[in-house]
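Asks: Take this structure first; my questions come after.
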Amino acid sequence: MEESMNRSGLRPPSSTHRRRTGAVLVAALAVTLAGATLPAQGAGSTLQAAAAESGRYYGTAIAANKLSDSTYTTIANREFNMITAENEMKMDATEPSQNQFSYSSGDRIVSWARSNGKRVRGHALAWHSQQPGWMQNMSGTALRNAMLNHVTQVATHYKGQIYAWDVVNEAYADGSSGARRDSNLQRTGNDWIEAAFRAARAADPAAKLCYNDYNTDNWSHAKTQGVYTMVRDFKARGVPIDCVGFQAHFNSGNPVPSNYDVTLRNFAALGVDVQITELDIEGSGSSQAQQYAGVHQACLSVARCTGVTVWGVRDTDSWRASGTPLLFDGSGNKKAAYTSTLNALNAGGTTTPDPTPNPTTPQPSPTTTTPPVTGTGSCTATYSEGQKWGDRFNGVVTIRANSAITSWTSTVTVSQAQRITSTWSGTPSWDSSGKVMTMRPAGNGTLAAGQTTSFGFTVLHGGDWTWPRVTCSAS
């Protein structure tokens with residue numbers, strides 16, 4: 001993406017995003033696939049109200065120059081309760097000349113948000129991109145000191161007004177290395193990210209401090225693993241990090257990966273919140289709606305996924321406008337993606353936080369107690385017990401191909417007291433009793449001998465903690 005676009009740091013689909021064409025579309029919310037249903041009584045009628053039912057926020061990115069657009073502000077005020085400045089708090093906007101700070105545009109957004117009862121995510125304190133010209137020409141100790149001064153001054157200016165800061169943005173390289181990006185900031189020393197977080201904590205102790213990046217959605221990718229290793233190290237050493245932001249920019253060449261929930265859950269197990277920070281999904285109609293539902297299912301399945309922010313209000317406000325990636329069209333009308341998102345939020349999610357006895361101590365992975373495998377000779381299904389809460393639990397079924405197969409089908413049978421409320425990473429259907437779910441692949445179901453895939457679901461247990469029964473058949 002050209003820097004002159006002055007947008008978020010996503011790279012265009014023609015470059016880095018096509019490296020993920022093997023990802024599998026996350027399944028749509030079960031009630032959406034089974035047919036439209038009316039929201040439950042008392043369900044939220046707006047995105048912010050529906051998200052609040054499970055203790056989460058729902059946000060959007062705002063541009064200061066659009067605050068005079070009444071259609072824009074009406075939607076933003078009605079639907080969202082967390083606001084991110086799209087560009088107005090970045091380094092080039094807030095410090096155009098060294099030690100000459102300019103906060104007017106950022107202040108305007110904060111004032112609008114707070115006067116309308118909304119919280120604010122700060123974006124972003126330190127980034128290799130959208131640096132002012134004077135900083136681009138610096139290096140070494142001078143650059144390190146200038147960066148830390150910038151973090152301190154900006155975080156201090158907004159002290160007490162910011163819910164969470166993206167302290168460092170996009171510091172890891174794409175590709176297979178899992179290494180840091182080569183940038184002028186990285187060349188000041190490998191501890192520059194840690195130094196930025198410590199400066200931010202000193203400047204505003206009450207704000208949550210986040211690391212934010214793109215192309216970190218797939219758990220198996222090297223970039224994801226690189227960021228995970230950094231966060232694990234920070235938590236082990238007491239570096240002040242509270243959250244990890246996943247930008248979540250998707251399209252047909254880079255769909256929502258089937259293991260998105262696994263990624264969120266594994267980061268959360270380190271003792272940090274996870275937040276979807278810049279969500280937009282290019283496309284239209286039911287395909288786009290399914291992917292939006294899948295993203296929200298993944299978040300709702302992880303107690304420490306505390307909120308979602310879409311990167312813009314209407315399609316025409318998006319930096320990817322030609323891809324129509326948002327929940328409202330250019331006229332402000334709700335799209336199918338809006339309905340699937342609202343339904344997913346109203347279907348419910350975790351409301352009890354994951355146990356965090358000591359937030360500076362790395363958390364163990366979720367419990368995975370495994371019963372015997374079941375299935376035909378060509379495939380087996382293994383049920384693994386996931387996270388538990390007072391009224392529900394997660395389950396994951398792993399399908400293993402014992403010989404090469406072209407597709408598979410798995411059944412999940414729950415007890416009379418239980419009810420499956422959401423699913424991910426597959427295409428579900430139900431029998432007339434609602435107690436037997438048949439899951440099929442969301443996309444290509446081909447598996448080589450020995451290869452595995454998995455899907456998951458959340459069960460309201462109704463007082464019965466019995467494991468669901470699972471089977472597998474294949475062709």
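The values are calculated or read from the model by the stated rules, or taken from the named source; none is laboratory data. Here the structure is a predicted model, which is why all the values come from computation and not from measurement. In this analysis, Cβ positions are derived from the backbone assuming ideal geometry, glycine residues included, and neighbour counts consider all displayed protein chains. Surface accessibility is based on the protein's heavy atoms, side chains included, excluding ligands, DNA and RNA. Shrake-Rupley method; radii C 1.70, N 1.55, O 1.52, S 1.80 Å.
Asks: Kirkwood hydrodynamic radius of the stretch 379-474 from all distinct Cα pairs, in Å?
Replies: 13.5 Å
Asks: Roll a 1.4 angstrom probe over the protein heavy atoms and tell me the percent of accessible area of the stretch 47-349 that is carbon or sulfur.
Replies: Carbon plus sulfur share of accessible area: 45 percent.
Asks: In whole angstrom, note down how far apart the Cα centers of the stretch 223-274 and the stretch 52-85 are.
Replies: Here the answer is 25 Å between Cα centres.
Asks: Can you tell me which lysines have their Cα less than 25 Å from the Cα of K335? Leave out same-chain residues fewer than eight positions away.
Replies: K66, K118
Asks: Here is a further query. Just list whichever of K90/K208; K90/K223; K159/K223 have alpha carbons separated by over 29 Å in the model shown. Working shown, then result.
Replies: Values: K90/K208 17 Å; K90/K223 23 Å; K159/K223 32 Å.
Violating the 29 Å Cα-Cα cut-off are K159/K223.
Asks: How much accessible area per residue does the stretch 47-349 have, counting only protein heavy atoms and a probe of 1.4 Å, in square angstrom?
Replies: 29 Å²
Asks: Turning to a different aspect of this structure: What is the packing order of peptides 308-320, 290-302, 184-196, taking the mean over residues of other C-beta atoms within 10 Å and listing the highest first?
Replies: Descending mean neighbour count gives 290-302, 308-320, 184-196.
Asks: Can you send over the carbon and sulfur percentage of the accessible area for the stretch 379-474, probe radius 1.4 Å, protein chains only?
Replies: Reported share for carbon and sulfur atoms: 49 percent.
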